[in-house]
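Q: Just passing along the structure, written as C-alpha cells.
Each value in this text was obtained by applying a stated rule to the coordinates, not by laboratory testing. Since we're looking at a predicted model, the values are computed, not measured. Glycine also receives a Cβ, built like all others from the backbone with ideal geometry; neighbour counts cover every protein chain displayed.
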C-alpha cells in the first residue's frame, strides 16, 4: 500500500480533515517545486477517495476492495489521469473536451469522478479556456486535481477557482532520513539534497542514476569555458548528450551561488557546497551584473526548453553569449527545427 512521503504528513492530515468535515473542494491545485512528490500525493488522495473501506485511523486506502483493485489494474471507471500524449508536448483542447464529457457522467462505483491533470501548466491556451468553463460551473460529483511545478503559468482565473494545497522543498530531517535510507550513505544523501534544492525525489535521481557524474562532467566544461580554455560551440555539442532541462537548471544554480559569493563571501551558505572553492574562483571572472543577466537568460532558456527546441542552437547561443560577455537572450527561433 502506498503512503504519503514523510514530508507530506501535514498535507495529508489537512486533506483528511477536509474529507471528514465534508469540505472537499471541486478543484484543488497541488503546486510546488519538481521532485517533492506532488503527483504521488494526488494519486494517493484519489485512491483513498475511491476506496470503499479506507482505514479509519489514517484515511489510507485498504488495498483490497473493488475500487482499490480497479485502480491497481489501471481501469477504474471513475478515475482519469490526463498528461501530454508525448513528452514535451502540450495538453490539448481535444484531451480536455474528452475529459469534460467523461466527467459529466454519473460515477459508476465511487462517490465522485476524480481527474488528475499533470503537469497542469502544460495545457495550451484553448485547453485552459475549455477547462475554465467547467471550473465556473463545477459538477456536484467531480473532483479535479491540478498538479504543477509552475503555478504562475496557469491562468489566473483557473488559480482563483481552485483551493490551494502547497508543497515546498524539504531540506529538513524527514526528507534527509528518507534519502539516507534509500541511498545507504549519509554524506551522499546530504549533498544530493542540498544540490537538488531540497527536492528529495530529485535528489534520489541525482544520486542514484549517474546524476552526480553528469554534474561533474558539466562543471568541468563550464569551468573550462569561463577560464577560456574551451570553445563554446564544441562544448555545446558535448552537452547535447546530457538532459537539456537538467543541464540548464544546474547551470542556473551555479550562477545563483556565484552571485551569492559575490555579495556575501566567504560565509554564505551555497546550494553546491562541495563546489564552493571552484565557484569562488569562477565568480572572480564575472561581475555581479553579468551574473544576474545570465540567470535571467537561463530562466528564459529553460522556458524555451519545455517546448520542442533545437537544443544545439539553444546551447550554442547561450555559451557564445557567455564567452563573449553578451547580454542577449536566446532567440525564439531556437524553439523550432
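Q: Provide the packing ranking of 101-112, 135-146, i.e. peptides ordered by the mean count of other C-beta atoms within 10 Å per residue, highest first.
A: Numbers: 101-112: 14.3, 135-146: 17.6.
Ranking the peptides 101-112, 135-146 by packing returns 135-146, 101-112.
Q: Let me ask another. Rounded to the nearest 0.05, what FRET efficiency is calculated for residue 296 and residue 150 with R0 set to 25 Å and r the Cβ-Cβ distance? Walk me through the numbers before you get to the answer.
A: Details: r = 17 Å, r/R0 = 0.67.
For residue 296 and residue 150, the calculated efficiency is 0.90.
Q: For the stretch 211-335, rounded, prolate or oblate, judged on the Cα gyration tensor with a ≥ b ≥ c (square roots of eigenvalues), a/c < 1.5 rounded, else prolate if a/b > b/c?
A: On the way: a/c = 1.63, a/b = 1.47, b/c = 1.11.
Verdict is prolate for the stretch 211-335.
Q: Over the chain, what relative contact order in percent results from Cα pairs under 8 Å that are six or more residues apart? Intermediate results must be reported in sequence, preceding the final value.
A: Details: 466 pairs, mean separation 55.0, N = 337.
Relative contact order here is 16 percent.
Q: If each of residue 132 and residue 18 carries a label point 7 Å out from its Cα toward its Cβ, how far apart are those two points in nm?
A: 2.3
Q: Length gain on complete extension for the stretch residue 3 to residue 224, per 0.36 nm per residue less the alpha carbon to alpha carbon distance?
A: Details: separation 221, 0.36 × 221 = 79.56 nm, distance 4.51 nm.
Gain in length upon complete extension: 75.1 nm.
Q: Against the longest principal axis of the chain, how steep is helix 173-183, in degrees 0 to 90 to the nearest 10, with axes from Cα atoms?
A: 80
Q: Classify the stretch 6-166: rounded, prolate or oblate, from the alpha-carbon gyration tensor (a ≥ b ≥ c, eigenvalue square roots; a/c under 1.5 rounded; otherwise prolate if a/b is larger than b/c)? The partial results should precede the final answer.
A: Numbers: a/c = 1.57, a/b = 1.32, b/c = 1.19.
Prolate shape, in that a/c is at least 1.5 and a/b is the bigger ratio.
Q: Quick check: from the Cα gyration tensor, does the stretch 60-141 come out rounded (a/c under 1.5), prolate or oblate?
A: Details: a/c = 2.63, a/b = 1.52, b/c = 1.73.
Oblate is the answer for the stretch 60-141, as a/c is 1.5 or above yet b/c matches or exceeds a/b.
Q: Same structure, new question: Using Cα pairs under 8 angstrom and six or more residues apart, how large is the relative contact order of the stretch 211-335, in percent? Write down the numbers at each step before the final one.
A: Numbers: 109 pairs, mean separation 38.1, N = 125.
In percent, rounded to a whole number, it is 30.
Q: Along each of its three principal axes, how wide is the spread of alpha-carbon positions in the stretch 155-214, in whole angstrom units, largest first?
A: 45, 26, 15
Q: Further, regarding this structure: Please give the contour-minus-distance gain from residue 287 to residue 269: 0.36 nm per residue of separation, less the Cα-Cα distance, rounded to one decimal in nm. Don't jump to the answer; show the numbers that get you there.
A: Values: separation 18, 0.36 × 18 = 6.48 nm, distance 1.97 nm.
Going from the current span to full extension adds 4.5 nm.
Q: Provide the FRET efficiency to the nearest 0.05 for the residue 73-residue 163 pair, computing r from the beta carbons and using R0 = 25 Å.
A: Numbers: r = 30 Å, r/R0 = 1.21.
With R0 = 25 Å, the Cβ-Cβ based efficiency is 0.25.
Q: Among 123-130, 19-26, 55-62, what's the highest-first ranking by average C-beta atoms within 10 angstrom per residue? Intermediate results must be reported in sequence, preceding the final value.
A: Values: 123-130: 17.6, 19-26: 12.2, 55-62: 14.6.
For the peptides 123-130, 19-26, 55-62, the packing ranking is 123-130, 55-62, 19-26.
Q: Any idea how far apart residue 57 and residue 303 come out in nm if each label point goes 7 Å out from Cα toward Cβ?
A: 5.0
Q: Divide by every residue of the chain the summed helix terms, -39500 (n - 2.57) for each DSSP H run of at least 4, and state the resulting mean residue ellipticity at 222 nm, rounded to the nearest 500 deg cm²/dmol.
A: That comes out to -16000 deg cm²/dmol.
Q: Grab the alpha carbons of the chain, take their convex hull, and tell me the volume per residue in Å³.
A: Numbers: hull volume 51.7 nm³, N = 337.
Cα convex hull per residue, to the nearest whole number: 153 Å³.
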